[in-house]
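For reference, the structure is listed below as structure tokens.
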Amino acid sequence: MGNIELLLGDITRDYGVDAIVNAANSSLLGGGGVDGAIHRAAGPELLAECRTLGGCATGGAKTTRAYRLPCKYVIHTVGPVWHGGGQHEAALLRDCYGNAMMRAQEAGARSVAFPSVSTGVYHYPVDQAAAIALKTVQDFWDAHADSFDRILFVLFDERTLAAYKKAYEDLN
Ligand code: ADP
């Protein structure tokens, strides 16, 4: 398998991937942060499709088309809100990444870009979130090496990128 790529940027730009992952909320009806950016770039058809899905549980992931985004699919996952770590946040965040990888594989998406789920308004500590994100995705890629060509994390600010780089070094 290849190496996970860590980039600084806006996930709605063109990275040549088949699928991007959205850090959605459980309504799947749009919000702020990366969710707002994805809906703005995709156009109103994305919200129309999301309305048909009936929401998504925390830790779950659901696939839609990508409309005006430069990819084929959006995989919407719902991260846990950080409550101090005593409410299964780590297991739920692991589920997000594992389920998103499963949805990508089912869709035949061979390249996937992730944002940093839960570390914005959901306040998950970025160092801990980065370690979980990278380990979960790398383990899935190792177990299904034939299914994927590229996996990227597109991180929106330097501090988040630095946390992911550190977690990546600790993992490898
Ligand atoms: P959550 O509710 O899961 O915390 P947020 O959207 O608030 O989701 O934040 C998750 C991460 O996504 C944060 O690091 C935030 O800075 C980042 N982010 C916001 N906009 C974008 C974007 N356009 N591309 C990539 N990452 C983004």
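Estimate the FRET efficiency between A91 and R68 by the formula 1/(1 + (r/R0)^6), using the beta-carbon distance for r and 35 Å for R0, to the nearest 0.05.
For R0 = 35 Å, the calculated efficiency reads 0.50.
Pop a pseudo-label 7 angstrom from the Cα along the beta-carbon direction at both D14 and H144 and give the gap in nm to one decimal.
2.7
Hull surface divided by four, with the convex hull built on the Cα atoms of the range 83-163: how many nm²?
About 5.3 nm², averaged over all directions.
When the expected Rg is taken as 2.2 N^0.38 Å, what fraction or multiple of it is the alpha-carbon Rg of the chain?
Here the answer is 0.93, to two decimals.
222 nm [θ] for the chain, helices only, -39500 (n - 2.57) per DSSP H run of 4+, per residue, to 500?
Result for the chain: -13000 deg cm²/dmol, rounded to the nearest 500.
Kirkwood-based Rg over Rh for the range 127-168 (C-alpha set), two decimals?
That ratio is 1.02, to two decimals.
Give the residue list of trypsin sites (Lys or Arg not before Pro) in the range 1-96 that are DSSP loop and have at most 16 other beta-carbon atoms within 10 angstrom.
On the way: sites: R13, R40, R51, K62, R65, R68, K72, R94; in loops: R13, R68, K72.
Those satisfying the criteria are R13, R68, K72.
By a straight-distance test (C-alpha under 25 Å), which lysines pair with K166 as possible cross-link partners, with residues fewer than eight away in the same chain excluded?
K135
Amide H neighbours of F153 under 5 Å, counting only residues 5+ apart in sequence or on other chains, H built in-plane at 1.01 Å?
Excluding prolines and chain starts, which carry no amide H, the hits are E5, L6, L7, F114.
Out of residues 5 or more away from L28 or on other chains, whose amide H comes under 5 Å of its own, with H placed 1.01 Å from N in the peptide plane?
Answer set, sorted by chain and number: C56.
Values in this text are rule-based calculations from the coordinates and carry no lab data. This one's a predicted model, so the numbers in the text were calculated from it and none came from an experiment. No Cβ is skipped: glycine too gets one built from the backbone with ideal geometry, and neighbour counts run over all protein chains shown.
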